[in-house]
Amino acid sequence: MAEFDYDVLVIGAGPGGYVAAIRAAQLGLKTACAESRETLGGTCLNVGCIPSKALLHASELFEEAASGSLAKFGVKISGAELDLPAMLGEKDKAVKGLTGGIEFLFKKNKVDWLKGRATFTGPHAVTVAGKAVTAKNIVIATGSSVTPLPGVAIDNDGGVVVDSTGGLSLAKVPEHMVVIGGGVIGLELGSVWRRLGAKVTVVEYLDQILPGMDGDVRKEAAKIFKKQGFAIKTGTKVTGVTVNGKSATVTVEPAAGGASEAIDADVVLVAIGRRANTEGLGLDAIGLALNARGQIETDHEFATTVPGVWAIGDVIPGPMLAHKAEDEGVAVAENIAGLTGIVNHDVIPAVVYTHPEIASVGLTEEQAKERGAIKIGKFPMMANSRAKANDDTDGFVKIIADADSDRVLGVHIIATPAGTMIAQAAQAMEFGASSEDIAYTCHAHPTHNEAVKEAAMAVRGQPIHI
Ligand code: FAD
Ligand code: NAI
């Protein structure tokens, strides 16, 4: 009889966990994945990436149809109406299709889905829904959940003070939505409800939105969002939220102190970040400590300090992004199988799926300057022929290169298809490209990506079209 029930047991079936489980099974390891949710796919597929992108797409179609903005292209629409239940239904259909798809992939790859919450009883043992299960290797991929704002109770069912999960399923379009947190979720979900007709006020504690992004990008993005109608209050802290039946009053004051102000809202969306899911995992039973931010630390192979226990995704340090979790899922499975699984954490793209999209990879200008001399090339979308043809010219491409070697250190893009454009920058950086390499690569015309080539030419001060 085998010493363990499984070679690999993955805890959590989000993009980190389900990918790790499938890759482990592909490598011939007997694999199970424990998931406490009713469906597979984790935060991303159920209440994150997928439903938010489905609503961003649908709300953009609505705004285009209803605002009259298509008339200049000769497309006249009158009487466009919002059918919110249909829009939410379409989003739910996308979620159902994709989460069901993971179930199919588990069956295809012979990954056992253990339904229920897993708790460690030893380094090679957990209980799932009361049943003991053992495995030679256990991968913690439990993800993250919303950081609460002290003193503010989230009630997604009530629909007045909600987090991102509630914000994906509001029963009606709010008149006034106050978003607490000018980060990715606030701007994406704020965009959805603004396009559908809500007035949206973003309250951000810091002096700029989109923390961690390149300074030029943060400034330009704020300008664009304000032009779209967002009210943005930076340098402002929320001191309380009072719910009065079907609405709420948000009390704010300047972050540096000063007179307070009351803002009435019918929906308050709390989006101030996410934190690692480790509660109830029984980490004490295996002597696994957390870092100061409540995350699990690993080495570069994703091994924790407890032999046989590994960790990946949002529960470990690094950007909380689905593709980062997925790549770590592949790498950890390969390391468990005795191969060499590596993730280059210097080249993880990040995308904000607003209109225009905001995408970046590598170092910001501020970070790069701290490390040494740099050169910068910038090209406005206003001078890109495809963006001009589409009359959709907000944004720019900015390339940061090492002053001596010309190696590309970071790329930052604001453009309608920035999320797609950033892939070429990530690939170039992965291959160790110089800005000259990009400048001398033939790009198809007319494409938005030509702006990447021109920004690379601008690193040496010689773009053609400006
Ligand atoms: P998760 O996806 O959080 O999955 C962890 C799973 O583990 C969960 O299903 C949970 O139920 C389960 N679990 C936890 N504890 C246990 C236990 N003890 N036993 C059994 N199961 C357990 N990222 C992007 O890259 N692009 C996007 O566009 C994007 N949009 C987002 C939009 C929103 C609104 C949100 C909230 C997040 C978004 N993200 C996006 C972030 C992305 O969802 C996460 O980075 C990603 O899901 C992390 O994957 P993970 O596998 O580490 O964890
Ligand atoms: P975030 O970290 O992006 O932004 C949170 C914002 O809230 C920050 O600007 C912060 O300064 C501000 N803040 C914190 N406390 C505050 C307070 N008390 N009052 C006012 N402002 C306050 O976090 P967010 O938007 O909640 O998203 C969580 C994570 O989910 C992100 O880190 C991101 O990685 C992931 N995500 C990714 C998406 C994507 O890739 N497109 C989409 C949505 C989420």
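General remarks:
- Placing unit charges on each Cβ (+1 for Lys and Arg, -1 for Asp and Glu) gives the chain a dipole about its Cα centre, and among 14, 189, 116 the Cα reaching farthest toward its positive end belongs to 189.
- Mean separation of Cα contacts under 8 Å (6+ apart) over length of the range 307-364, as relative contact order %: 20
- P(r) histogram, all alpha-carbon pairs of the range 305-366 included - 5 Å bins from 0, percent: 4, 15, 22, 22, 16, 9, 7, 4, 1, 0
- Label-point separation, residue 255 to residue 96 (7 Å along Cα→Cβ), nm: 4.3
- Cysteines having no other Cys beta carbon under 4.7 Å from their own, within the chain: 33, 442
- Gain on full stretching of the segment that runs from residue 279 to residue 243 - 0.36 nm per residue minus C-alpha separation: 10.1 nm
- Label-point separation, residue 404 to residue 305 (7 Å along Cα→Cβ), nm: 3.8
- Whole-number percent relative contact order across the range 332-466, with pairs defined as alpha carbons under 8 Å at least 6 apart: 27
- Whole-percent pair-distance distribution, where bins are 10 Å wide, for the alpha carbons of the chain: 4, 18, 26, 26, 19, 6, 1, 0
- When the solvent-accessible area of the range 159-258 is split by element, carbon and sulfur atoms take up 53 percent of it, the probe being 1.4 Å.
- What the Cα convex hull of the range 346-406 gives, in volume per residue, is 99 Å³.
- Based on the Stokes-Einstein relation at 37 °C and a viscosity of 0.692 mPa s, and on the Kirkwood radius from alpha carbon pairs, the range 349-466 is assigned a translational diffusion coefficient of 239 µm²/s.
- Size check on the range 292-430: the Cα extents along the three principal axes, sorted descending, read 56, 34, 31 Å.
- Sum of side-chain charges, residue 158 neighbourhood, beta-carbon under 14 Å (Lys, Arg +1; Asp, Glu -1): -2
- Per residue, the solvent-accessible area of the range 427-466 (1.4 Å probe, heavy atoms of protein chains only, all protein chains present) comes to 56 Å².
- The range 240-347 - Rg (one decimal) and Dmax (whole number), Cα, Å: 20.4, 61
- Cα-based radius of gyration of the range 98-251 once divided by 2.2 N^0.38 Å, which approximates compact folds: 1.39
- Dimensions (Å) - the range 37-138, Cα atoms, principal axes, largest first: 66, 24, 19
- Summarising the strand pairing of the chain, around 60 percent of its internal DSSP beta bridges are antiparallel.
- Taking every C-alpha pair closer than 8 Å and separated by at least 6 residues, the mean separation divided by the residue count of the chain gives a relative contact order of 14 percent.
- The charge dipole of the range 49-135, taken about its Cα centre with unit charges on the Cβ of Lys, Arg, Asp and Glu (plus for the first two, minus for the last two), comes to roughly 560 debye.
- Shape metrics for the range 408-466, restricted to C-alpha atoms - Rg then Dmax, Å: 10.6, 29
- Dipole magnitude of the range 226-296, debye to nearest 20 (Cβ charges: Lys/Arg +1, Asp/Glu -1, about Cα centre): 340
- Helix-only [θ]222 nm of the chain, DSSP H runs n ≥ 4, -39500 (n - 2.57) each, per residue, nearest 500: -9500 deg cm²/dmol
- Extension gain from residue 297 to residue 430, taking 0.36 nm per residue of separation minus the Cα-Cα distance: 45.4 nm
- Taking a quarter of the surface of the Cα convex hull of the range 190-259 gives a mean projected area of 5.7 nm².
- Placing unit charges on the Cβ atoms of the charged side chains and taking the dipole of the chain about its Cα centre, the candidate lying farthest along the positive direction among 100, 318, 125 is 100.
- Student exercise, the chain dipole from Lys, Arg, Asp, Glu Cβ charges, in Debye to nearest 20: 620
- Inter-label distance for residue 447 and residue 39, nm, one decimal - labels placed 7 Å from Cα along Cα-to-Cβ: 3.4
- Farthest towards the positive end of the charge dipole of the chain, among the residues 75, 364, 379, is the Cα of 75, using unit charges on the Cβ of Lys, Arg, Asp and Glu.
- Computed from phi, the 3J(HN,Hα) profile of the range 342-358 under the Karplus parametrisation 6.51, -1.76, 1.60 (θ = phi - 60°) reads 10, 10, 8, 6, 7, 10, 10, x, 9, 9, 9, 8, 8, 10, x, 6, 10 Hz, with x in place of Gly and Pro.
The values are calculated or read from the model by the stated rules, or taken from the named source; none is laboratory data. Computed from a predicted model, the values in this text were never measured in an experiment. A quick note on method: Cβ atoms are made from the backbone with ideal geometry, for glycine too, and the neighbour counts reach across all protein chains shown. To get the accessible areas, we keep the full protein, side chains included, count just its heavy atoms, and leave off ligands, DNA and RNA. Shrake-Rupley method; radii C 1.70, N 1.55, O 1.52, S 1.80 Å.
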